[in-house]
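Remarks on the structure that follows.
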Amino acid sequence: MFNNLISLDLEASLYLLSGVFFILGIRGLSSPETARLGNYLSMSGMALAFSVTILSLKDYSFINLVLIITGISIGGTIGTVLSKKIAMTDMPQMVAALNSMGGLSAVLVAWAAFLSPGAFELVFNGYIKSSSMVELLLGILVGAVTFSGSVVAFLKLQGLMKSAPVILPFRHVLSIGVLAVILSCSYLMLMGAESSQILFLVISIASLLLGLLLIIPIGGADMPVVIAVLNSYSGFAAAIIGFTLGNLALVITGALVGSSGAILSYIMCQAMNRSFFSVIMGGFGDEVSSSEIKETRPVKVGSADDAAFILKNASSVIIVPGYGMAVARAQNSLKEMVDKLKEMGIKVTYAIHPVAGRMPGHMNVLLAEADVPYDDIYELSEINSDFAQADVAFVVGANDVTNPAAKSDPNSPIFGMPILEVENAKTVLFVKRSLGIGYAGIDNDLFYRENTMMLLGDAKKMSEDISSSI
Amino acid sequence: MDISPLVYYGSIFILAIFIGYYVVWSVTPALHTPLMSVTNAISAVIIVGAIVAIGTDTSDSGISGLISKFVSFFALIFASINIFGGFLVTQRMLAMYKKKVKNDV
């Protein structure tokens, strides 16, 4: 047995360096041109952190090395296969699933440290130091909530569980009860109670339960926020464990990931005009009752030929895609339609609302997959004033994010939500399966406007038909 | 150095949060999905904890040492899934982002 191939100072400095790599890696995402390099930097940071850890192991016995290599091979293979197989529409599920892995490994590392505190130098006078104990307990709590919360989010996104919020009776009382169990067990442990292993187990299970209780009542519409929040939690769990293990890479990374998730949840909440607190409390995105008022105002319905005629005679067109487009797998046929229009010298751009997909930036990935160049795509704030000059706004698979009621009707549930002001365009072509309501369960005033033509049908079929009649 | 580790790591943590705040705001919204998958992958740097736990001689702490090793082996697997899956899916996404071809305009 031989110890410490590298000194403690060198070890800490190299961990710091891998943290720097991660910072630069995220910084690379500020533009698509530098993003690929950024990803390689992040990978290098990870490789560095890994190598440093291997070089500073305490016990290089054969069995340990075999365990490490086996574990990484198994996990690496699963991860690689997952990353190749996943469809881009399923990215939210993928991120939720990966998040749950991160949360779970935080819990397991906390357990490992609890069971063999000597390995991590947490022992003082024969007991785990109380500061380390607090960190371990916090790590378990945050890690377990991340894990079980992400599993619920995954099940909801994957459609294995109803995406509507599940409202349990007395759910707040229940959550507070579980929290009380966690707190009192933690108190007992810190006071040096016997049978601390059982208490630790109870805390772990209660924390898992808390994660379930927190995410189950949140509806499908709020999932983008939930994923971002859980992302943030997984970062903080890593940071807390980093305190326990005295590892700079973990502390820095955890802080980065924590703040990234927090910022993304803030952006998502802003885009939906919902307060963070109301999202967390859940209940939004409920199925709409069937007793809604039947709308009787006239609607102008057009055919693919009508739409093709209007598009051909336009000089500028803005496409407004929503998640419905991705569900209908219409990206590619839409792109073909756009290409035809561009060949005719018509200016075509895309406008994307922050919550157009099922997670932050999702729609951009879906369009990138369909080979839409990223410099044709504009954010809400960049393009909103352009609608007034546009001849046609072509809305496909989006609904609530174009609803003018968000600006004019204080009683609307989406009042105050920033929208894409498509109604300012000369003509609005609105592709929709039927005259149903949107995800938030609200009627869209846009359908009944003079300048709106509804194109009823499947988004993919409709874009193909329009292409062929152009 | 007489300051406690908590204050030492705490200072770094707080500063890193500020760095994270400014760095993340500079990320273009078009890349928010890759941002999430890559932060996901790097948060799995917790793998170092699993490796430390495996690579320790736990023979003198008996059964709990054995369980500790067993548990950290699984932590290692899950963290590796997270790392490989996160980085590779990010790479796959970023490869799709293309600029406009010049003669296209």
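The values are calculated or read from the model by the stated rules, or taken from the named source; none is laboratory data. Quick caveat, the model's predicted, so the values are computed rather than measured. Reconstructed Cβ throughout: ideal geometry from the backbone, glycine too, with neighbour counts over all protein chains shown. Remember, those area values only see protein heavy atoms, side chains included, never the ligands or the DNA or RNA. Shrake-Rupley method; radii C 1.70, N 1.55, O 1.52, S 1.80 Å.
Of note:
- Computed helical MRE - 222 nm, chain A, DSSP H runs ≥ 4 contributing -39500 (n - 2.57), nearest 500: -19000 deg cm²/dmol
- Other protein chain C-beta atoms within 10 Å of residue C-beta, averaged over B:5-17: 6.
- Pairing chains A and B buries close to 8400 square angstrom of accessible surface in total, based on protein heavy atoms and a 1.4 angstrom probe.
- Taking every protein chain into account, the accessible area of the protein assembly as shown amounts to 41 square angstrom per residue (probe 1.4 Å).
- Between A:Ala47 and A:Tyr266, the contour length at 0.36 nm per residue exceeds the Cα-Cα span by 75.7 nm.
- Assuming charge only on the beta carbon of Lys and Arg (+1) and of Asp and Glu (-1), the dipole of region A:110-256 about its Cα centre is about 340 debye to the nearest 20.
- Volume per residue of the C-alpha convex hull in the protein assembly as shown, rounded to whole Å³: 148 Å³
- The angle between the Cα long axis of helix B:62-96 and the longest principal axis of the Cα atoms of chain B comes to about 10 degrees, rounded to the nearest 10.
- Translational diffusion of region A:130-273, µm² s⁻¹ [Kirkwood Rh, Cα pairs; Stokes-Einstein; 25 °C; 0.890 mPa s]: 153 µm²/s
- Per-residue ellipticity at 222 nm from helix content only, as computed over chain B with -39500 (n - 2.57) for each DSSP H run of at least four residues, stands at -24500 deg cm²/dmol.
- Antiparallel %, DSSP beta bridges [both residues in chain A], to 5: 10 percent
- Charge dipole (debye, nearest 20) of region A:342-440; +1 at Cβ of Lys and Arg, -1 at Cβ of Asp and Glu: 360 debye
- For chain B, the longest principal axis of the Cα atoms and the long axis of helix B:32-43 meet at an angle of about 20 degrees.
- Candidate aspartates and glutamates - alpha carbon under 14 Å from A:Lys460, same-chain residues fewer than 8 apart omitted: A:Glu336
- For A:Met94, net neighbour charge (Lys/Arg +1, Asp/Glu -1) across residues whose Cβ lies under 12 Å away: +3
- Taking Cβ atoms as reference points and 11 Å as the exclusive limit, the residues near A:Asn332 contribute a net charge of -2, counting Lys and Arg as +1 and Asp and Glu as -1.
- To put it simply, the accessible area of chain A at a 1.4 Å probe is 63 percent carbon and sulfur.
- In terms of overall dimensions, the C-alpha atoms belonging to region B:1-58 reach 47, 31, 10 Å along their principal axes, ordered largest to smallest.
- Relative contact order (%) - region B:1-87, alpha-carbon pairs under 8 angstrom, separation at least six: 34 percent
- Contact order normalised by residue count of region A:154-273, Cα under 8 Å, 6+ apart, percent: 23 percent
- Helical segments meeting 20 Å axial Cα length and Kyte-Doolittle 1.0 threshold in chain A (DSSP H): A:8-27, A:62-85, A:91-115, A:130-158, A:171-190, A:196-215, A:223-245, A:248-272
- Taking all Cα pairs closer than 8 Å and separated by 6 or more residues, the relative contact order of chain A comes to 13 percent.
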